[in-house]
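Peer 1: Okay, here's the structure, questions in a sec.
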There are 2 protein chains.
Amino acid sequence: MASGRLDGLPLAMKWWGWGDRAKRFQIEGHPDLAEFLKTRLETTLEQEFPPVSLESILLAPSRLDRAQVDGLERILGESGISRDKLSRLEHAMGKSYRDVVRSRKGEVSCPPDAVLYPSGEEEIGKILEWASEHEVAVVPFGGGTSVVGGVEALGAEHHRAVISLDLCRLSRILHVDERSRTVRAQAGIRGPSLEEGLSGRGFTLGHFPQSFEYSTLGGWVATRSAGQQSTLYGKIEHMVQSLRMIHPGGTLETLTVPARAAGPDWNQIVTGSEGILGVITEVTLKLWPAPVRRRIGAFFFRDFREGAEASRKFLQNGLVPATLRVSDPEETQFGMILRPRSEDWKKQAFEHTGVWALEKMGYRQGKRCLMILGFEGDPESTDSDWKHARRICSDHGGFYLGRKPGMMWYRDRFEHPYLRDTLMDKGVLIDTVETSTTWENLVPLYEALQKILVESIRQTGVQGIVMAHLSHCYPSGSSLYFIFLAKQVQGEEMEQWWAIKKAASECILAHHGTISHHHGIGIDHARWAEKEHGPSAMKGLKGLKNSLDPKGIMNPGKILPVPVCIQREEPRIP
Amino acid sequence: MASGRLDGLPLAMKWWGWGDRAKRFQIEGHPDLAEFLKTRLETTLEQEFPPVSLESILLAPSRLDRAQVDGLERILGESGISRDKLSRLEHAMGKSYRDVVRSRKGEVSCPPDAVLYPSGEEEIGKILEWASEHEVAVVPFGGGTSVVGGVEALGAEHHRAVISLDLCRLSRILHVDERSRTVRAQAGIRGPSLEEGLSGRGFTLGHFPQSFEYSTLGGWVATRSAGQQSTLYGKIEHMVQSLRMIHPGGTLETLTVPARAAGPDWNQIVTGSEGILGVITEVTLKLWPAPVRRRIGAFFFRDFREGAEASRKFLQNGLVPATLRVSDPEETQFGMILRPRSEDWKKQAFEHTGVWALEKMGYRQGKRCLMILGFEGDPESTDSDWKHARRICSDHGGFYLGRKPGMMWYRDRFEHPYLRDTLMDKGVLIDTVETSTTWENLVPLYEALQKILVESIRQTGVQGIVMAHLSHCYPSGSSLYFIFLAKQVQGEEMEQWWAIKKAASECILAHHGTISHHHGIGIDHARWAEKEHGPSAMKGLKGLKNSLDPKGIMNPGKILPVPVCIQREEPRIP
């Protein structure tokens, strides 16, 4: 009954990887990249490690009995519940490295016992009531793009089954208040539908996470998501004006007002609650006028510190770029390698000369850093901000590279996740960690985390590539985003990954960074979130959860770890 | 042992009213005002209703026994605890109309049994431990400026005594991070000390509530305070980067990072918790560069709607004024009357001609509205924003009145609260209600609330003056602030006030406004906060409170009503 998926966007991701089934990142078209990876990762890239076939996967049968299914069908109708293999597989987990490793091997130890497709709040209320009564865990599911285990269909010891609650049918824009510049929409709406509904009226939300094409409004809010242009448009928690959340036994609703002193702020308690308190069903968000001018370009800086300093100066001088990324030397080089090689010998020669000249000018490979900078909005302020920002770049030794690298980044910004699947086909580990910190602490944290990633990869017996950029900037600090690659240790992929992840996470906290700037907590970050927030906050959160979800059915194991999960296999996290 | 007050700022407010004991608003210098009030309020203003003398007030003796006082002295030293009459009186309540009416009559039914002056977190932790053990309620006290009953020394039925915890000794700036533009300070620091410590380094917090001279950082955070220039600088909840809160049995501390996805956001749970979860002891806030240019001026609009529309256009066109207030016709007239009359007949004649000309141009008394508009920051953007804003004003029929009215408002902005004491001396009720809503809903809410205030005052048997302004603007909406005056119904002052307050509060909620944009909940708004947030939120908040304050000692009766208070008299709120 896959029709459930069709009411929202009909896009379903690969069950074993990222995005559109028909799309693949073709490493064959990037000979420089292949060469680079071979050298740096000490691998031939010749062996293939494809995902297992769908047919070969055996899922444990659904634990719901006939009477239970009948009960759910009475609430949802027959088309509102799926128990077929593909639906259960697609809803078993999200898209973290851990998830994808397991999916590709067919190790799907905890598929949901059913996937439900409610069409509105009334049905959701009834489902939560039913689940409380039957001791069934409920995992809210938006786009399924979590990279921290946020939608894994886990239950706790006392749960008899687990259902995945797919919100794709709650996909409508409910109201656009043009005068107040707000939009109210249902939580299951995906990025493109929402933006389409707004652009016709001259508005944008400005929220473009890398998962934009698949992820949903409810998921963004549940995880405190950030769009790639959050420096201008804000993180999702800065946009939320009001929301509704159905929890077992009730509905929490906030008023649509621009600010309030009637504290605490329930918008901010629900935002980031990752489904452990209830199911977000509607959200009202601030809107922006759709930009009419866009300036984007790229610069080289002689080192990461200069690029970071220029970024800080922008934000502290009232310049708010829509796009701002400063890659470290390794990511800068990787970006160069990732570009398709020009076939035109004249262009090639020109480029070589350019690179030679840059070296002479002190923009040395291994030191130089690429900044992608973009402003957008009304023509006048976009132009004047762009000029002002170029002056600041110059002050910090920034060398203008033109529009092209910026435009290429902008064009390809939703394509990069496809690279992971291709690399995993070749036996390469690729994952990310991200954090945020103050400007004062940015370079120390960057250096420490870079070092620990390199070392911890080496300790798994292989060489790594570790690259980073800063992005999502604020007057007081910035996010830091690391990508790391290594040859997979076959048969011990999870242990290898976990050793690196653990070392990186501990390093982040030891250096005063947050365990996540925009990926969320889920399962993967739960132990460090506990450390970050401390015992008082965790005690408070438990008290809050117990009040709104007294039977503990909502998204077990996320944010608040549960002692034992009803997986057939223990989770491999040590 | 008033020395406890001296470690922080040595300013202590009048126990029976607002601010500096030596200061008084001289109605005698404002003959137009006196005339206006006499006519409109149908009062002669001749009878005096002075506050009772300090000597005539009898406070119930402290319920702490010698052993308990010894216990507290072991924690705090002798100088850290006061039980003298003036200290207890000053800490019995805040500065709401209800508080001032009772204070002036000497009806101080619930003075704290002691006032404690801890000098640090360790002492606070020990006090909370002591209080939990002895079943003593603890009321955190900053500047004591709450206008919603937030610091009233109430206990619940099971409390044996109540202590007021004055944080004035926690008054240090701990660290300024110039690179990240943040300041960390102790919660008991008052506005002027904080700004003084920052201005020498070229920074400002930009937080100037009307209570600025007296209120404290901790109080601002606890109540989600807004400065008069919050349109530019943000409300306090937009500035908080991290904080520490001591609660019974532990400490909650958040990381100083610009943003995070490790939800929920504990900064935003503690901000607005009004002391019911614990005692805020330290806060890190975003800083702004001290403005080097300031442009301020005033405009007339032909009606309130046009002034509101111009304000909306500023915010939605990226113009962020530091000061933006649009008075309705009544407040506009009141402001004119409040000005000292010019002695110079030439100036008088000139003014009369001006007013006549304005009338001819359609800016009619009873319709025309005054806007105070100010920009500040760096010279370039201040000037260009000012020009742009003037164009928008012109588009909406704004008539520029020059700098003077704006500068006068700026000069007098902390003086207006003194008017209340003078009017109460003359038997005049004066109070405020405030809310916020979307631009779409602004005029409907304004009209409804204006009408209900006029009517509900009339129902108490007298004529009122009801005036309002919008201020604290956002791209999606604005705050609305009402001031109302009426002749006091002697002997039934509280019943009269309550009838009006109740009608206004119900009207706000019925018209989708929040019960408070920046005054907070305290006692006065608790029943409507419950209605605004709904039963799910209240259940959640109780769960949260029970986890962090299991004995329920923290600031009873605020936000969450308690069934019975250990006052000698029942609270007069019906």
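The values are calculated or read from the model by the stated rules, or taken from the named source; none is laboratory data. The model shown is predicted, which means the values in this text are computed figures rather than measured ones. All Cβ positions, glycine included, derive from the backbone under ideal geometry; neighbour counts span all protein chains shown.
Peer 1: Filter segment B:489-514 down to the residues that are β-branched (Val, Ile, Thr) and away from chain A (no Cβ under 14 Å), then identify the one that is surrounded by the fewest Cβ atoms within 10 Å (Cβ to Cβ).
Peer 2: Per the criteria, the residue is B:489.
Peer 1: Follow-up question, since we're still on this one. Pairs needed: first member in segment B:146-163, within 18 Å of residue B:127 (Cβ to Cβ); second member anywhere, outside any loop (DSSP other than H, G, I, E, B) and of a type in the set (Phe, Trp, Tyr); C-beta distance under 6 Å; at least 6 residues apart or different chains.
Peer 2: If the second residue must be outside any loop (DSSP other than H, G, I, E, B) and of a type in the set (Phe, Trp, Tyr), the pairs left are B:151/B:141.
Peer 1: Of everything in segment A:309-321, what is within 13 Å of chain B (Cβ to nearest Cβ) and in a loop (DSSP other than H, G, I, E, B)? Give them in sequence order.
Peer 2: Selection gives A:317, A:318, A:319, A:320.
Peer 1: Sticking with this structure for a sec: What are the residue pairs meeting all of these: first residue in segment A:297-310, first residue within 12 Å of residue A:324 (Cβ to Cβ), second residue among the acidic types (Asp, Glu), Cβ atoms under 8 Å, and 6 or more apart or on different chains?
Peer 2: Pairs found: A:310/A:395.
Peer 1: Within segment B:214-234, which residues are outside any loop (DSSP other than H, G, I, E, B) and within 13 Å of chain A (Cβ to nearest Cβ)?
Peer 2: Filtering segment B:214-234 down to residues outside any loop (DSSP other than H, G, I, E, B) leaves B:216-223, B:230-233.
Once the filter is applied, which keeps residues that are outside any loop (DSSP other than H, G, I, E, B) and within 13 Å of chain A (Cβ to nearest Cβ), segment B:214-234 yields B:219, B:220, B:221, B:222, B:223, B:230, B:231, B:232, B:233.
Peer 1: Tell me which helices (runs of 4 or more DSSP H) are completely within segment A:329-419 and hold 1 or more residues being more than 25 Å from residue A:309 (Cβ to Cβ) and not hydrophobic (A, V, I, L, M, F, W, C), or say none if there are none.
Peer 2: Working: elements: A:329-338, A:345-360, A:379-395, A:404-411.
Fully inside segment A:329-419 and qualifying: A:345-360, A:379-395, A:404-411.
Peer 1: Something else: Which one of these is away from chain B (no Cβ under 11 Å), in contact (Cβ under 8 Å) with a residue 60 or more places away in the chain and in contact with a Ser or Thr (Cβ under 6 Å, 6 or more places away or on another chain): A:517, A:469, A:525? Write out each step before concluding.
Peer 2: Working: A:517 fails: away from chain B (no Cβ under 11 Å); A:525 fails: away from chain B (no Cβ under 11 Å).
Within the list A:517, A:469, A:525, the selection yields A:469.
Peer 1: Additional query: Answer yes if at least one residue in segment A:250-259 is under 18 Å from the mean Cα position of the chain (by Cα) and at pLDDT 95 or above, and no otherwise.
Peer 2: Quick first cut of segment A:250-259, residues under 18 Å from the mean Cα position of the chain (by Cα) only: none.
Within segment A:250-259, not a single residue is under 18 Å from the mean Cα position of the chain (by Cα) and at pLDDT 95 or above.
Peer 1: Out of A:270, A:279, A:283, A:292, I need the residue that is within 30 Å of residue B:437 (Cβ to Cβ), touching a helix residue (DSSP H, G or I) at 6+ places or on another chain (Cβ under 8 Å) and more than 13 Å from chain B (Cβ to nearest Cβ). Which one? Let's see the steps before the verdict.
Peer 2: Details: A:270 fails: more than 13 Å from chain B (Cβ to nearest Cβ); A:279 fails: more than 13 Å from chain B (Cβ to nearest Cβ); A:292 fails: more than 13 Å from chain B (Cβ to nearest Cβ).
The match here is A:283.
Peer 1: Can you tell which of A:33, A:86, A:45 is hydrophobic (A, V, I, L, M, F, W, C), out of contact with any strand residue (DSSP E or B) (no Cβ under 7 Å at 6 or more places or on another chain), on the phi > 0 side of the Ramachandran plot and not assigned by TED's automatic domain parsing to the domain that holds residue A:457?
Peer 2: Values: A:33 fails: on the phi > 0 side of the Ramachandran plot; A:86 fails: on the phi > 0 side of the Ramachandran plot.
One residue alone meets the criteria, A:45.
Yes/no per residue for (1) within 14 Å of chain B (Cβ to nearest Cβ); (2) in contact with a Phe, Trp or Tyr (Cβ under 8 Å, 6 or more places away or on another chain); (3) in a helix (DSSP H, G or I):
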{"position": "A:175", "(1), (2), (3)": "yes, no, no"}
{"position": "A:188", "(1), (2), (3)": "no, no, no"}
{"position": "A:206", "(1), (2), (3)": "yes, yes, no"}
{"position": "A:212", "(1), (2), (3)": "no, yes, no"}
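Peer 1: Could you list all residues from segment A:424-440 that are outside any strand (DSSP E or B) and out of contact with any Leu (no Cβ under 7 Å at 6 or more places or on another chain)? Talk me through it step by step, then tell me what you get.
Peer 2: Step one: filter segment A:424-440 for residues outside any strand (DSSP E or B), giving A:424-427, A:439-440.
Matches in segment A:424-440: A:424, A:425, A:427, A:439, A:440.
Peer 1: Just checking, how many residues over segment A:528-562 are at the interface with chain B (Cβ under 7 Å from one of its Cβ atoms) and over 25 Å from the mean Cα position of the chain (by Cα)?
Peer 2: Residues that pass the stated criteria total 10.
Peer 1: Tell me, please, whether a residue that is modelled with pLDDT of 95 or more, of a type in the set (Asp, Glu) and either at negative phi or in a helix (DSSP H, G or I) (or both) can be found in segment B:441-452. Talk me through it step by step, then tell me what you get.
Peer 2: Here is the first cut: in segment B:441-452, the ones modelled with pLDDT of 95 or more are B:441-452.
In the following step, the residues that additionally are of a type in the set (Asp, Glu) were identified as B:447.
After this cut, where a residue has to be either at negative phi or in a helix (DSSP H, G or I) (or both) as well, the list is B:447.
Yes.
Peer 1: Quick one: is residue B:402 in contact with a strand residue (DSSP E or B) (Cβ under 7 Å, 6 or more places away or on another chain) and exposed (fewer than 14 other Cβ atoms within 10 Å of the Cβ)?
Peer 2: Values: in contact with a strand residue (DSSP E or B) (Cβ under 7 Å, 6 or more places away or on another chain): yes; exposed (fewer than 14 other Cβ atoms within 10 Å of the Cβ): yes.
Taking the combined requirement at face value, the residue satisfies it.
Peer 1: Let me ask something else about it. Which residue pairs have Cβ atoms under 7 Å apart, sit 6 or more places apart or on different chains, and have a first residue in segment A:313-334 that is at positive phi and a second that is part of a helix (DSSP H, G or I)?
Peer 2: A:318/B:381
Peer 1: Taking segment A:503-556 on its own, how many of its residues are part of a strand (DSSP E or B) and of a type in the set (Ser, Thr, Tyr)? Lay out the reasoning, then the answer.
Peer 2: Step one: filter segment A:503-556 for residues part of a strand (DSSP E or B), giving A:554.
Remaining after also requiring of a type in the set (Ser, Thr, Tyr): none.
Final tally of qualifying residues: 0.
Peer 1: Quick check on segment A:143-159. Is at least one of its residues over 24 Å from residue A:521 (Cβ atoms) and not in a helix (DSSP H, G or I)? Working first, answer last.
Peer 2: Narrowing segment A:143-159 to residues over 24 Å from residue A:521 (Cβ atoms): none.
No: zero hits.
Peer 1: Test residue A:196 against the criterion of being away from chain B (no Cβ under 11 Å) and surrounded by fewer than 24 Cβ atoms within 10 Å (Cβ to Cβ), and give yes or no. Show your work before the answer.
Peer 2: Details: away from chain B (no Cβ under 11 Å): yes; surrounded by fewer than 24 Cβ atoms within 10 Å (Cβ to Cβ): yes.
So residue A:196 fits the description; yes.
Peer 1: Being facing chain B (nearest Cβ under 7 Å), buried (at least 22 other Cβ atoms within 10 Å of the Cβ) and either among the polar types (S, T, N, Q) or assigned to a strand (DSSP E or B) (or both) is the filter here, so list the residues in segment A:235-255 that pass it.
Peer 2: Correct list: A:241, A:247, A:252.
Peer 1: Consider segment A:25-45. How many of its residues are of a type in the set (Lys, Arg) and over 13 Å from residue A:426 (Cα atoms)?
Peer 2: Applying the first criterion (of a type in the set (Lys, Arg)) to segment A:25-45 yields A:38, A:40.
Narrowing further to those that are over 13 Å from residue A:426 (Cα atoms): A:40.
Of the residues in that region, 1 qualify.
Peer 1: For residues in segment A:122-131 being surrounded by 17 or more Cβ atoms within 10 Å (Cβ to Cβ) and within 30 Å of the chain's Cα centre (by Cα), which is nearest to residue A:250 (Cα to Cα)?
Peer 2: Here the residue is A:125.
Peer 1: Working carefully through the options B:357, B:389, find the one that is farther than 30 Å from residue B:202 by Cβ and among the small types (Gly, Ala, Ser). Talk me through it step by step, then tell me what you get.
Peer 2: Working: B:389 fails: farther than 30 Å from residue B:202 by Cβ.
Going through B:357, B:389 in turn, just one is farther than 30 Å from residue B:202 by Cβ and among the small types (Gly, Ala, Ser): B:357.
Peer 1: Next question, about the same structure. Please work out which residue is farthest from residue A:415 (Cα to Cα), limiting yourself to segment A:295-308 and to residues that are part of a helix (DSSP H, G or I) and either within 14 Å of chain B (Cβ to nearest Cβ) or among the small types (Gly, Ala, Ser) (or both).
Peer 2: Quick first cut of segment A:295-308, residues part of a helix (DSSP H, G or I) only: A:304-308.
In the following step, the residues that additionally are either within 14 Å of chain B (Cβ to nearest Cβ) or among the small types (Gly, Ala, Ser) (or both) were identified as A:305, A:307-308.
On the way: A:305: 28, A:307: 25, A:308: 26 Å.
Filtering segment A:295-308 for residues that are part of a helix (DSSP H, G or I) and either within 14 Å of chain B (Cβ to nearest Cβ) or among the small types (Gly, Ala, Ser) (or both), the one farthest from residue A:415 (Cα to Cα) comes out as A:305.
Peer 1: The conditions are (1) more than 11 Å from chain B (Cβ to nearest Cβ); (2) in a helix (DSSP H, G or I); (3) more than 26 Å from residue A:324 (Cα to Cα), and residue A:461 fails exactly one of them. Which is it?
Peer 2: So the condition that residue A:461 fails would be (2).
Peer 1: Yes or no: segment B:167-182 includes at least one residue that is crowded, with 23+ Cβ neighbours inside 10 Å, in contact with a helix residue (DSSP H, G or I) (Cβ under 9 Å, 6 or more places away or on another chain), among the hydrophobic types (A, V, I, L, M, F, W, C) and closer than 18 Å to residue B:234 by Cβ.
Peer 2: The first filter runs over segment B:167-182 and keeps only residues crowded, with 23+ Cβ neighbours inside 10 Å, leaving B:167-168, B:170, B:180-182.
From what's left, in contact with a helix residue (DSSP H, G or I) (Cβ under 9 Å, 6 or more places away or on another chain): B:167-168, B:170, B:180-182.
If we keep only those that are among the hydrophobic types (A, V, I, L, M, F, W, C) as well, we get B:167-168, B:170.
Within this subset, residues satisfying the condition of being closer than 18 Å to residue B:234 by Cβ are none.
No, every residue in segment B:167-182 fails to be crowded, with 23+ Cβ neighbours inside 10 Å, in contact with a helix residue (DSSP H, G or I) (Cβ under 9 Å, 6 or more places away or on another chain), among the hydrophobic types (A, V, I, L, M, F, W, C) and closer than 18 Å to residue B:234 by Cβ.
Peer 1: Here is a follow-up. Does any residue in segment A:401-412 that is within 17 Å of residue A:321 (Cα to Cα) come within less than 7 Å, Cβ to Cβ, of a residue that is at pLDDT 90 or above and part of a helix (DSSP H, G or I) six or more places away or on a different chain, and which pairs are these?
Peer 2: As it stands, the answer is none, since no pair meets every condition given.
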